[in-house]
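Down below is the structure, laid out as structure tokens.
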Amino acid sequence: MTFPLTLLLLCTAPSEAGADKVAPATSTEEYGPFFEDAPASDARFQSRGRKDKYPVLSVGDGWFCFVEDSHCKASLLASGEVAAGMRIPASNKGPDLPYAHWGFRGGFAIRPLMLKRKPWHPWGVGIVSSWSRGTGAVTVESTTDAQEQASTDRTDTFRVALLNQLWLSKKPHAIHLDLALGTARSQVLTSGVALFGTHAEAAVGWGGWGSVYAGADFLDRDTRVMLGFRAHGIAAGPTIAAILLGLALGGAL
Amino acid sequence: MSSMLFALSLFVVGPEPAASAETTAAPQETPATPETETASEVTSEVTSGATPTETEPDPVAAPEPVSEPTEAQVDSATPVDPDAPQLRVVDEKSGPPYYDEADVAALRNRYELPDEQPLARKPVRWRCLISDPTCGMTIELNATAAYAFRAQQGDVSRGNVRKWSSGRAQYDLWLNLPTLTEQVRNVRYTKMTLGPKGGVVFSDTGQFWGNLGIAMRYWLGRGRFAPSIEMSSALAFKLGGRPTRNLAGAEPKFETQRGPVGFTADVGFGIGGFGALVVGGQYDSPLAREDVPEQFRTSASGMFFIGFRGNILWGAPAGAAVLTHGLTQRLVEQPNN
């Protein structure tokens with residue numbers, strides 16, 4: 001009587017562990033340490049920014065997000081930026097001068113392989129456009145007889161670019177690398193003529209909230225390189241409102 | 001001789017049938033009467049211990065080594081000495097854990113361990129938009145209102161330095177990443193955060209700068225209003241200005257101002273994530289290269305400031321910053337030389 005019972009025990013216990021091992025991997029499952037979810041830990045922070053893996057401002061559990069994040073299939077991009085760098089004209093046009101700008105950027109990004117095939121994929125693609133107002137240009141052209149100097153008060157630039165993203169983690173507010181390539185249209189030096197040029201940018205972002213970027217605009221004999229910080233519109237909006245209020249209070253508007 | 005042998009065999013065999021009768025009786029009795037009232041308290045505990053075990057080998061194996069000493073106690077028929085330590089078998093539970101809070105307390109008492117840690121705090125409001133030691137990564141928008149003592153290099157030939165009192169309003173976005181955490185049981189607390197920050201700075205005559213840098217906060221406690229030490233440093237770059245109608249005498253016009261990158265740094269002592277008293281400085285590099293025409297050169301300038309920086313969510317820091325910005329813009333005039 002005891003022997004059949006012990007035999008039953010011995011048969012049931014190992015087969016439960018074996019059931020996990022022999023489960024076949026489906027085509028949608030990722031296998032590999034890079035894309036695996038982090039193992040669950042008992043220790044956790046008491047306060048969490050959100051309850052699940054989808055950001056707070058999202059529609060349809062990550063189908064569309066107003067603040068982009070690691071598990072968003074489509075996101076709206078809206079941010080304000082400040083940047084500083086150098087304006088490097090062609091050598092005979094004048095000295096290299098500091099350049100700084102502030103501006104706004106908006107766009108749309110999707111994760112194509114997450115729409116149907118996979119629950120998570122690091123690649124994202126999108127389109128962005130931005131407008132910035134920066135410091136003016138100075139040209140100093142010397143001839144044997146005279147030296148001509150000219151300057152402008154400001155430099156407005158409009159850009160459109162194709163965006164590529166690489167998300168490095170599945171955690172909330174994950175770090176992602178962005179690469180944007182596109183065109184820029186701006187007045188070239190002090191010519192007063194707006195021409196098209198190339199815009200390139202590489203950025204490191206934390207979710208959709210902020211990013212640090214290095215970018216450049218390559219125009220005809222007018223190159224601008226810059227390092228900047230970008231903040232999401234939800235954070236930049238109240239800031240801009242407070243700034244305008246301060247300006248109005250100070251009599252500058 | 002044969003009768004002696006027979007008696008001897010009875011003596012040898014005797015206890016075993018009694019023991020086996022006892023063991024066979026025990027499982028048979030327990031289904032019918034789970035609480036058997038026997039003379040010995042030990043045997044009742046043995047039978048109750050045997051009841052929950054479902055695997056058949058255990059009732060056969062377990063009571064055997066226990067039943068013999070219990071039988072010895074029963075058979076000795078001596079009265080129980082109340083002063084002697086009462087040996088008893090603890091009630092076996094059906095499954096883990098095999099101890100309860102009373103046992104843990106007894107263990108702590110025996111080894112003089114401190115009491116259990118206090119219960120973890122409740123989660124904070126505002127979804128960690130106001131920084132807290134119980135939060136992991138936080139994103140916060142800070143506003144600073146400060147008194148600034150500004151100085152700018154004047155006429156180099158005369159060695160002048162222009163000095164004046166001014167104000168400073170600053171708006172920053174901080175991304176705080178938990179770089180140092182501590183763990184109490186299964187609750188994690190942030191000890192130090194470090195992360196990028198960016199923002200804008202406003203001062204008199206409409207001058208404003210952008211800044212990009214890093215910010216650190218070190219928590220000195222774990223409570224909601226735990227003190228903290230904050231440090232931040234950034235590259236500061238002039239963006240432009242919009243002078244006031246009153247002071248400029250003309251219709252205010254937005255102008256961009258060019259200046260090489262300088263730096264700003266500050267140290268603060270904060271309460272919770274709500275606000276901090278801040279002391280810091282800023283230095284703007286001069287643009288005075290020979291190849292730059294003189295009219296486009298800028299001279300070195302800087303400021304020291306002391307003020308209050310806080311999270312805009314609870315209102316007062318934003319209000320103070322707006323007020324400081326407005327008053328500075330309207331009232332402060334830079335000296336000419």
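Just so you know, all these numbers are worked out from the coordinates, no wet-lab data involved. A quick note: this is a predicted structure, and the numbers were derived from the prediction, not measured. Note: ideal-geometry Cβ built from the backbone for every residue, glycine included; neighbour counts use all protein chains shown.
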In this structure, the FRET efficiency calculated for residue B:151 and residue B:88 from their beta-carbon separation, with R0 = 56 Å, to the nearest 0.05, is 0.10
How many angstrom lie between the Cα centre of segment B:99-161 and the Cα centre of segment B:256-324?
24 Å
Once you average over the residues of B:194-205, how many Cβ atoms of partner chains fall within 10 Å of each Cβ?
4
Relative to the Cα centre, what is the charge dipole magnitude of segment A:34-100, using +1 at the beta carbon of each Lys and Arg, -1 at the beta carbon of each Asp and Glu, and rounding to the nearest 20 debye?
220 debye
For each of B:180, A:177, count neighbouring Cβ atoms within 10 Å of the residue's Cβ, then give the residues from fewest to most.
B:180, A:177
Residue B:154's amide H: which non-local residues (gap 5+, or another chain) put their own amide H closer than 5 Å, with H modeled 1.01 Å from N in plane and none for Pro or chain starts?
B:160, B:161, B:162
Averaged over its residues, how many other protein chain Cβ atoms are within 10 Å of peptide A:146-155's Cβ atoms?
2
Quick check for you: which residues of segment A:214-251 have the amide N under 20 Å from the point 7 Å beyond the Cα of residue A:96 toward its beta carbon?
A:214-228
Sequence-distant or interchain residues sharing an amide H contact under 5 Å with residue A:208, placed H: which?
A:68
What is the count of Lys pairs in chain A whose alpha carbons sit under 20 Å apart, if the two are 8 or more places apart or on different chains?
15
Normalised contact order of segment B:136-293, rounded percent, pairs of Cα under 8 Å and 6 or more residues apart
15 percent
In whole Hz, with x marking every Gly and Pro, tabulate ³J(HN,Hα) for segment B:101-109 from phi via Karplus 6.51 cos²θ - 1.76 cosθ + 1.60, θ = phi - 60°.
4, 5, 5, 5, 5, 5, 5, 4, 5
Would you kindly derive the ³J(HN,Hα) couplings of segment A:196-206 from the backbone phi angles with the Karplus curve 6.51 cos²θ - 1.76 cosθ + 1.60 (θ = phi - 60°), listing them in order in whole Hz, with x for Gly and Pro?
8, x, 10, 10, 9, 8, 10, 9, 10, x, 10
A correct Karplus calculation of ³J(HN,Hα) over segment A:175-184, with 6.51 cos²θ - 1.76 cosθ + 1.60, θ = phi - 60°, whole Hz and x for Gly and Pro, returns 6, 9, 9, 10, 10, 10, 10, x, 10, 10
Percentage relative contact order, segment A:121-241, counting C-alpha pairs under 8 Å, at least six apart:
18 percent
Evaluate peptide A:228-241: per residue, the Cβ atoms of other protein chains within 10 Å of its Cβ; return the mean as an integer.
5
Fewest to most neighbouring Cβ within 10 Å: what's the order for A:123, A:167?
A:123, A:167
Inter-probe distance in nm under a simple model that places probes 7 Å from Cα toward Cβ, at residue B:81 and residue B:105:
3.2 nm
According to a simple spin-label model (label point 7 Å from Cα along Cα-to-Cβ), what is the distance in nm between residue A:193 and residue B:214?
4.6 nm
With everything on Cα atoms, drop me the angle between helix A:233-249 and the longest principal axis of chain A, reported from 0 to 90° to the nearest 10.
40 degrees
With each pseudo-label sitting 7 Å past Cα toward Cβ, what's the residue A:204-residue B:163 distance in nm, one decimal?
4.1 nm
Starting with the highest mean, order B:95-102, B:121-128 by the number of other Cβ atoms within 10 Å, averaged over the residues of each peptide.
B:121-128, B:95-102
Sort A:102, A:209 so the one with the fewest other Cβ atoms within 10 Å of its own Cβ comes first.
A:102, A:209
